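Every number in this text was worked out from the coordinates using simple rules, so none of it is lab data. Predicted, not measured: the structure shown is a model, and the values here were computed from it. Every residue, glycine as well, gets a Cβ built from its backbone with ideal geometry; the counts of neighbours run over all protein chains shown.
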Amino acid sequence: MSQDSQNIVVGVLALQGDFAEHIKMLELCGVRAIAVRYAEELDGIDGLIIPGGESTAVAKLTDEGSAPIFSAIKEKIGAMPVYGTCMGSIFLAKEIEGSSQGRLAVMDIKVKRNAFGPQRRSFESDLVIDSLGAEAFPAVFIRAPVIVECGPAVEVLSAIDEGIVMARQGNLLVTAFHPEITDDLRVHQYFLEMVKEYRRSRVDQARLQPLKR
Ligand code: GLN
């Protein structure tokens, strides 16, 4: 484990969807990963992954207003890195085409759900993504959305004919595909670089605080 990875803890939102696969990937990357279900659990983490799943199911939890975890996540967004996979990207999007379902609405993107048609549910496509290196990434799409519009602060990291499938806005990262069900660690490693950067800036900030006497 590199010096840099030591003590890093990444949370994976574990209300619904394939959080266990993300936890496994993070552990393979050499960091600690925890399943996050309650607002208090956000305090001990350096980054958060919102996994794939069914966005309408998670939207219901926000509608009922019963889960304080959503406002707690929203408070941390902007500082703490957050990575949304597939459903996670829908949940972070400011706009969803033709829907007003509950979501965090923090990233300046408009997504189209089930963009490949409800029937063409699952397929794999090798994508060359410059930020991940020259070797193609085995991107698995499962009833996936695409990003159809994005604001000027959004950096497009990968696009296919149907739309944008990987993008970043500051400390927010989204992919329409599922790296957690491949054995390629590069998207998680990319996210962990964002997390390490955030941790370094927090440590620097703590050092700059005047000593209390
Ligand atoms: N189609 C799902 C939705 O709209 C997302 C699918 C996924 O996360 N694999 O919520």
- [ ] Mind checking the full-extension length gain between ALA39 and ALA159? Use 0.36 nm per residue of separation minus the Cα-Cα distance, one decimal, nm.
- [x] 39.8 nm
TODO: Choose one of GLY117, PRO145, GLN209: the residue whose Cα lies farthest towards the positive end of the charge dipole of the chain (beta-carbon charges +1 Lys, Arg; -1 Asp, Glu; about the Cα centre).
DONE: GLN209
Task: Inter-centroid distance (Cα atoms) of segment 46-92 relative to segment 173-213, Å - done: 17
TODO: Just add up the charged neighbours of GLU149: K/R +1, D/E -1, any other residue whose Cβ is under 15 Å from the Cβ of GLU149.
DONE: -1
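Distance check, please: which entries in LYS112/LYS196; LYS76/LYS196; LYS24/LYS94; LYS60/LYS112; LYS24/LYS196; LYS76/LYS112 exceed 21 angstrom between their Cα atoms?
On the way: LYS112/LYS196 31 Å; LYS76/LYS196 16 Å; LYS24/LYS94 29 Å; LYS60/LYS112 19 Å; LYS24/LYS196 19 Å; LYS76/LYS112 26 Å.
Check vs 21 Å cut-off fails for LYS112/LYS196; LYS24/LYS94; LYS76/LYS112.
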- [ ] Pull up all non-local amide H partners of ALA144: gap of 5 or more, or a different chain, and H-to-H distance under 5 Å with H placed in the peptide plane.
- [x] ALA115, PHE116
Task: From phi via Karplus (6.51, -1.76, 1.60), per-residue ³J(HN,Hα) for segment 42-51 in Hz, x at Gly/Pro - done: 6, 5, x, 10, 9, x, 9, 10, 9, x
TODO: Pull up all non-local amide H partners of GLY47: gap of 5 or more, or a different chain, and H-to-H distance under 5 Å with H placed in the peptide plane.
DONE: GLY11
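So what is Rg over Rh here for segment 144-184, counting just Cα atoms and using Kirkwood for Rh? Show your work: numbers first, answer last.
Details: Rg = 10.6 Å, Rh = 10.8 Å.
Taking Rg over the Kirkwood Rh, I get 0.98.
Work the Kirkwood hydrodynamic radius out for the chain: mean of 1/r over every pair of different alpha-carbon atoms, inverted, in Å. Mind showing how you got there, number by number?
Numbers: mean 1/r = 0.0574 Å⁻¹.
So the Kirkwood estimate lands at 17.4 Å.
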Open item on the list: Let's see if you can work this out: charge +1 on each Lys and Arg Cβ, -1 on each Asp and Glu Cβ, no other charges. What is the dipole magnitude of segment 38-111 about its Cα centre, in debye to the nearest 20?
Closed with: 220
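With r defined as the distance between the Cβ atoms of GLN189 and ASN114 and R0 fixed at 35 Å, what FRET efficiency is calculated, to the nearest 0.05? If you can, show how the numbers build up before the last one.
On the way: r = 29 Å, r/R0 = 0.83.
E between GLN189 and ASN114, to the nearest 0.05, is 0.75.
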